[in-house]
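Take a look at the structure below.
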C-alpha cells in the first residue's frame with residue numbers, strides 16, 4: 001500500500017535539517033511554518049494569498065470544526081480542502097490543546113474528554129476514536145493523535161500520568177485511524193513536560209507504535225524560551241531521524257530559529273495572524289506596533305527588507321491610519337505582511353542550512369531582531 005508521505009532530507013547543518021515532505025496534495029518544504037486556519041480560514045487572508053506568501057501547508061482544528069460547522073457537514077460538502085478553497089496539504093490538530101485551554105468546561109477519563117461546547121453548552125465526548133473520525137471526515141492530510149496536555153508547571157506525577165495516558169491514547173488513535181489507499185498521514189505526539197526521562201519514555205512508546213511523523217507537544221505553554229530550548233536540546237533527537245519533527249504551537253521568530261537549530265522541521269502558531277489583527281507587525285528589526293503615533297506620517301514600509309506586497313505598496317502612515325480607524329483592510333494587510341515575514345524567514349533558514357551557514361544566519365538574525373528593538377510590544 002502506498003505510504004501517505006515521503007520525507008527526503010536534502011542537507012544537514014549541525015542538528016538542523018532541510019528537506020521535503022512529499023504528499024499527494026503537494027510538497028512541503030522544511031523547515032516549514034504552517035499558518036493557523038482554526039475554523040477553516042486563516043483569519044483575514046484569502047487562501048490564494050496564503051499560498052502566495054510561501055505556505056505549503058496550513059493547520060485546521062478538530063475541536064472547533066467539530067462544533068461548527070461540524071465534520072459531518074464538511075464531509076457532505078466535499079471535505080475541508082474544497083470547503084475552504086485550499087488545494088495544498090492541511091494538518092489538523094486533534095483537539096488536545098483545547099482540552100487544556102478550556103479545562104473549566106471539561107472532565108477527563110480514560111475514555112476521553114467530556115466537555116460542554118463554548119458555543120451553546122451542548123455536551124460532547126472527544127475520544128481518540130472520535131478525534132480520528134473527525135479528522136478523516138475533514139479529509140486531513142496529516143492527522144494528529146489525540147493526547148492529554150497539562151501545563152509544564154504541573155508536578156512530575158501529573159505530567160507523568162498525562163504522558164502515560166497520552167501513549168495509551170496514541171495506540172488507540174493508531175488503531176482507529178487505520179489506513180486505506182488515499183488516506184492521509186498520522187503523527188504521534190511526544191509528551192513529558194520538561195523532564196528528559198519522561199520525554200524519552202514517550203518517544204520510545206510512540207516509535208514502538210509507529211507513526212508517519214512525530215510532534216513535540218506540551219511546550220510553549222508558559223515555561224519560557226530558556227526552559228523550552230533546554231527541552232529541545234534533547235527532545236528532537238529522541239525521535240526517529242528519518243521522520244518529520246513538528247513542534248506544536250511555536251512561536252515567536254526567535255523561538256523558531258532556535259528550534260530549527262535544534263532539529264525541528266515543522267511549526268505552527270497563531271502569532272502572525274493574531275498580532276496582525278491587533279496592529280503588530282513582525283520585522284527584521286523586531287516587532288512594531290503600528291498604532292504608535294510616531295508612525296502617523298512615516299512614508300516608509302513596515303520593513304524595508306521585506307518582499308511582501310504590503311511593504312512594496314503601502315506606507316506605515318497608511319497602515320497606522322487603517323488600524324487606528326478600525327478599518328478591516330488594516331487587519332488584512334498587517335496579517336498578510338506577518339505571514340510573508342514568517343514564510344520568508346523559513347525560506348531563509350532553508351537556504352542557510354543548504355549552504356552550511358545556519359549559525360552565522362541565526363546569530364545575525366537574533367542580533368538585529370533583538371538589538372534593534374524599539375521598545376514596542378513584543
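No lab work stands behind these numbers, since they all come straight from the coordinates. Keep in mind that this is a model prediction, so the values were computed, not measured. Virtual Cβ from ideal backbone geometry, glycine too; neighbours counted across all protein chains shown.
Principal-axis analysis of the Cα atoms of the chain puts helix 358-371 at an angle of about 60° to the longest axis. Sorting 195, 204, 93, 212 from the fewest to the most surrounding beta carbons within 10 angstrom yields 204, 195, 212, 93. Relative to the longest principal axis of the Cα atoms of the chain, the long axis of helix 156-177 lies at roughly 80 degrees.
Normalised by the number of residues in the chain, the average gap of Cα pairs under 8 Å and 6 or more apart makes the relative contact order 17 percent.
Between 0 and 90 degrees, rounded to the nearest ten: what's the tilt of helix 328-354 against the longest Cα principal axis of the chain? Helix 328-354 and the main axis of the chain meet at about 70 degrees. Every Cα-Cα pair in the range 276-371 was counted, and those over 15 Å apart are 60% of them. With springs only between Cα atoms under 10 Å, which of 147, 268, 298 fluctuates most in a Gaussian network model of the chain? Judging by the Gaussian network model, the answer is 298.
Going by the alpha-carbon gyration tensor, a ≥ b ≥ c the square roots of its eigenvalues, is the range 36-103 rounded (a/c under 1.5) or, if a/c is not under 1.5, prolate (a/b greater than b/c) versus oblate? Oblate, since a/c reaches 1.5 and b/c is not below a/b. Using only the alpha-carbon atoms of the chain as identical scatterers, what base-10 log of I(q)/I(0) does the Debye formula give at q = 0.06, 0.12, 0.13 Å⁻¹? Summing over Cα pairs of the chain leads to -0.22, -0.91, -1.07. Rounded to the nearest 5, the antiparallel percentage of DSSP beta bridges internal to the chain is 50%.
Label the range 134-253 by shape, choosing from rounded, prolate and oblate, from the square roots a ≥ b ≥ c of the eigenvalues of the Cα gyration tensor; if a/c is under 1.5 it is rounded, and otherwise prolate applies when a/b is larger than b/c, oblate when it is not. It comes out prolate by the Cα gyration axes.
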